[in-house]
Amino acid sequence: MVRLSNDYLKELITEYKPYTTKGEVMTGIPGLDELNQNDLGVAVMDLNHNIYSAGATDVSFSLQSASKVISLLIALEDLGKEKVFQSVGMEPMGDFFNTISHLESGDVHRPFNPMVNAGAIAICSLIKGDTVEERFDRILMMLKTITGNENIDMDPDVYEAEKVKGDRNRALAYYMSSSGAVALNPQDALDLYFRINSIRLQVHDLAKIGLFIANGGRLIEQNKQLVSPDHLNTIQAIMMTSGMYNESGTFAVEVGFPCKSGISGGIFSAVPGRYGIGVFGPAINQKGNSVGGAKILQRISADLNLNIFNQT
Ligand code: GLN
């Protein structure tokens, strides 16, 4: 059995770096444009707060879709499971993350789940707060508390670019509003959505988010239960079935623990009761998932026997 160490992770980075040429960096969004296609980083944190890492650990990048988990968590805390899933479904979707056609099919026209863009925009409309700023601050505070990193903040350039490039997301929001399937104020929901996509952090922060989820919402250092453990069960199930979009099935089979990706190439993973893992590799495949990051997760899962479905 492999022992977790910085050296072990360094070997993985060397071995899987060539895979970064098999993906592409998302273009058109500052902060993504400038990312180096060949970067690859990993951080793993255990329940004793030991952290192991290697590769591009000092590069910061925007959270993008990985933010969808934090907004879902706050919506669950605010309203409870029943109400949240009246607005958004909990079923996996086999289409791309920003697809619109599904909103016109099915019996209720709701987004399939909170991990695709339409679902995340709908979730943004549920979060409590008098203004968008106040709602955003709650999400940012939650991230700072989970990671213990006071420096995490929104990148104003990425936020501007999300707005400029946001017509697809606008289409989703206004369509949901017009169909009445989801009661939302499209402008506010979109503004919050663009902001949370633009939060900048590093791969260590991703590992800490993963560990927090893996630990049922308990902060280890403070020994404090921050959110209801029930909501983390829901979150992990949703991450497992939909966190990697239309590649979630592959990740369930090949990695075997809950993961959530973003198009900047970050993925965080929760190995229930054991580890939080962050990977970062901005070269992504057509489904929006980091190519090198996926390889590293598969390998760590196999080497440390972390697939939750493996009982042997
Ligand atoms: N900002 C991107 C969008 O809204 C995020 C998508 C993603 O990370 N998959 O489309």
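Filtered by the rule that a residue be within 11 Å of the ligand (Cβ to nearest atom) and either open to solvent by 100 Å² or more (accessible area, probe 1.4 Å) or over 21 Å from Pro114 (Cβ atoms) (or both), segment 160-173 gives Ala161, Lys163, Lys165, Asp167, Arg168. Of everything in segment 35-49 that is open to solvent by 10 Å² or more (accessible area, probe 1.4 Å) and among the hydrophobic types (A, V, I, L, M, F, W, C), the residue that is nearest to Val203 (Cα to Cα) is Leu35. Is segment 190-213 home to any residue that is closer than 25 Å to Gly41 by Cα, at pLDDT 95 or above and surrounded by fewer than 16 Cβ atoms within 10 Å (Cβ to Cβ)? No, every residue in segment 190-213 fails to be closer than 25 Å to Gly41 by Cα, at pLDDT 95 or above and surrounded by fewer than 16 Cβ atoms within 10 Å (Cβ to Cβ). Taking segment 270-294 as the search range and keeping residues that are closer than 16 Å to Tyr16 by Cβ and away from the ligand (no atom under 16 Å from the Cβ), which one is surrounded by the most Cβ atoms within 10 Å (Cβ to Cβ)? Only one residue tops the list, namely Gly292. The set of residues in segment 55-77 that are under 16 Å from Gly216 (Cα atoms), away from the ligand (no atom under 16 Å from the Cβ) and open to solvent by less than 10 Å² (accessible area, probe 1.4 Å) comprises Leu73, Ile74, Leu76. Going through (1) free of Cβ contacts under 8 Å to residues at least 12 places away in the same chain; (2) of a type in the set (Asp, Glu); (3) in a helix (DSSP H, G or I) one by one, Asp157 falls short only on (1).
The requirement of being within 19 Å of the chain's Cα centre (by Cα), among the aliphatic types (A, V, I, L, M), within 16 Å of Ser290 (Cα to Cα) and not in a helix (DSSP H, G or I) is fulfilled somewhere in segment 42-50, by at least one residue.
The set of residues in segment 221-235 being under 16 Å from Arg274 (Cα atoms) and within 21 Å of the chain's Cα centre (by Cα) consists of Pro229, Leu232, Asn233.
Pairs linking a residue in segment 12-29 that is polar (S, T, N, Q) and away from the ligand (no atom under 16 Å from the Cβ) to a residue that is open to solvent by 20 Å² or more (accessible area, probe 1.4 Å) and modelled with pLDDT of 90 or more, with Cβ atoms under 7 Å and 6 or more positions apart or on different chains, are Thr20/Gln37; Thr20/Asn38; Thr20/Val291.
Of the residues in segment 89-104, not one is free of Cβ contacts under 8 Å to residues at least 12 places away in the same chain, open to solvent by 10 Å² or more (accessible area, probe 1.4 Å) and in a loop (DSSP other than H, G, I, E, B). Restricting segment 105-142 to residues that are aliphatic (A, V, I, L, M) and within 16 Å of the ligand (Cβ to nearest atom), the residue that is surrounded by the fewest Cβ atoms within 10 Å (Cβ to Cβ) is Ile139.
Checked against the criteria, Met176 does not count as surrounded by 15 or more Cβ atoms within 10 Å (Cβ to Cβ), free of Cβ contacts under 8 Å to residues at least 60 places away in the same chain and within 15 Å of the ligand (Cβ to nearest atom). Of all residues in segment 295-312 being among the aliphatic types (A, V, I, L, M) and assigned to a helix (DSSP H, G or I), which is surrounded by the fewest Cβ atoms within 10 Å (Cβ to Cβ)? Among those that are among the aliphatic types (A, V, I, L, M) and assigned to a helix (DSSP H, G or I), it is Ala302.
Against the criterion of being open to solvent by less than 30 Å² (accessible area, probe 1.4 Å), within 13 Å of Gly281 (Cα to Cα) and out of contact with any Lys or Arg (no Cβ under 9 Å at 6 or more places or on another chain), Gly80 does not qualify. Can you find a residue in segment 4-16 that is of a type in the set (Lys, Arg) and not assigned by TED's automatic domain parsing to the domain that holds Cys259? For segment 4-16, residues of a type in the set (Lys, Arg) and not assigned by TED's automatic domain parsing to the domain that holds Cys259: absent.
The values are calculated or read from the model by the stated rules, or taken from the named source; none is laboratory data. None of the values given here were measured: they were computed from a predicted structure. Note that each Cβ is placed from the backbone with ideal geometry, even for glycine, and that neighbours are counted across all protein chains shown. Accessible surface areas use protein heavy atoms only, side chains included; no ligands, DNA or RNA. Shrake-Rupley method; radii C 1.70, N 1.55, O 1.52, S 1.80 Å.
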